[in-house]
2 protein chains.
Amino acid sequence: MNNALLTHVINHCAVKPDQLALLDSFFEHRIYKKNELLLSEGQRCHEKFFIIKGCTNLFYLKQNGTEQTIDFAIENWWTSDFMAFQQNVVSQFSIRAVETTEVLAITSERQQDLLRQMPELSEYFHGVFQRAYAAAQIRFKLLYGHSKEELYHHFNQKFPAFIQRVPQYLLASFLGITPEYLSEIKKKRIS
Amino acid sequence: MNNALLTHVINHCAVKPDQLALLDSFFEHRIYKKNELLLSEGQRCHEKFFIIKGCTNLFYLKQNGTEQTIDFAIENWWTSDFMAFQQNVVSQFSIRAVETTEVLAITSERQQDLLRQMPELSEYFHGVFQRAYAAAQIRFKLLYGHSKEELYHHFNQKFPAFIQRVPQYLLASFLGITPEYLSEIKKKRIS
């Protein structure tokens, strides 16, 4: 099994190392090419993904036909439409590989089996989702309190490598602005 | 111990009923009067709260001195500044009782003890935070794709009792509009 998930699990819960060998059989290892879809809006969502290497964006199709990115995931993050995953229903979102992306995928049925056999892993997932929700609370604060330009500067300051890594039209979508306006904001910063 | 948390735990994880008696000693039962603060921005945040009865809002102070509500919590929800709670640092948010509110409070130290003694509870918290994060994903979608007026109609359709329950100036703050504009939207709907 790839070490990335093992390391992440060991760092975040008290699973005994000899139990970790069990993990392997529950996951499917996959590599998605750049622009390939991990999940399509309107399809039943029965998997969640741990990113070993790469980057994905979560988006939905707006009424005007454009894709609205609402989130990204990079190494050591989990991604899915979690409402659809836990209810095993049709997804409201698509997930696409922004670059070549290596993942471990697990279905909800397999996760149930895994947690029955290794209940200690719930401690890991409790931590994963508490951190994700905590980050969402801070993001809501940013969305209410800042202009789009301030949002860009905030992300640029906190995650400079990430800002460089994702295509600028996706970053613009995530910030809720046009690529042209993003370009203007960046020029202003330089001048 | 109050039955609300027991029922919520039993409904969401496989804890054996005879273990549940243990829970009681880890929580502090409190009743907050309307407008009393459960947590103050700038204070160390070392507790999270399960709402037995009542309603709270999570807010922060904007630079112009007004309070920006970013979330509410009602019966069977957990509330806290979760980033500050897990890092045991100063809070970015305040939490206030919107009406008389009965809670069970637990500190991060006590939660660690509780999870050591009842590791099965991590399954419960995994579920709690996965649902909370899933709801946040959908809320981000709504924030990107809808006008403030559409947001009001969405919440009014999905949570009509809640919309009636919270003071309208807090609902306006949550929607990111002025109370006057909320009033206009509601009038338009009636006429």
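The values are calculated or read from the model by the stated rules, or taken from the named source; none is laboratory data. Predicted model, so just to flag it, every value in this text is computed and none were measured. Methodologically, a virtual Cβ is constructed for each residue, glycine included, from the backbone with ideal geometry; neighbour enumeration extends over all protein chains shown. Keep in mind that these areas ignore ligands, DNA and RNA; they rest on the heavy atoms of the full protein, side chains included. Shrake-Rupley method; radii C 1.70, N 1.55, O 1.52, S 1.80 Å.
Numbers below:
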| read-out | value |
| --- | --- |
| Residues (of a type in the set (A, V, I, L, M) and either open to solvent by 10 Å² or more (accessible area, probe 1.4 Å) or free of Cβ contacts under 8 Å to residues at least 24 places away in the same chain (or both)) located in the range A:40-71 | A:Ile52, A:Leu61 |
| A:Asn35 being on the phi > 0 side of the Ramachandran plot and open to solvent by 80 Å² or more (accessible area, probe 1.4 Å) | yes |
| Residues of the range B:154-167 satisfying the condition of being within 27 Å of A:Tyr60 (Cα to Cα) and open to solvent by 50 Å² or more (accessible area, probe 1.4 Å) | B:His154, B:Gln157, B:Lys158, B:Phe159, B:Pro160 |
| Candidates A:Asn11, A:Asn76, A:Asn57, filtered to the one that is in a strand (DSSP E or B) and not acidic (Asp, Glu) | A:Asn57 |
| So B:Asp18, is it at pLDDT below 90 and out of contact with any strand residue (DSSP E or B) (no Cβ under 6 Å at 6 or more places or on another chain) | yes |
| Subset of the range A:100-125 [open to solvent by 10 Å² or more (accessible area, probe 1.4 Å), under 15 Å from A:Thr79 (Cα atoms) and within 13 Å of chain B (Cβ to nearest Cβ)] | A:Ser108, A:Gln111 |
| Lone unmet requirement of (1) open to solvent by 40 Å² or more (accessible area, probe 1.4 Å); (2) at pLDDT below 90; (3) out of contact with any Gly (no Cβ under 7 Å at 6 or more places or on another chain); (4) not aromatic (Phe, Trp, Tyr) for B:Lys148 | (3) |
| Filter result for B:Arg96 (at pLDDT 90 or above, within 30 Å of B:Ala14 (Cβ to Cβ), open to solvent by 20 Å² or more (accessible area, probe 1.4 Å) and of a type in the set (Lys, Arg)) | no |
| Residue match in the range A:168-191 (condition: of a type in the set (S, T, N, Q), under 30 Å from B:Leu171 (Cβ atoms) and open to solvent by 10 Å² or more (accessible area, probe 1.4 Å)) | yes |
| Residues located in the range A:146-170, provided they are closer than 14 Å to A:Ala73 by Cα and without any contact (Cβ under 8 Å) to a residue 24 or more places away in the chain | A:Phe159, A:Ala161, A:Ile163 |
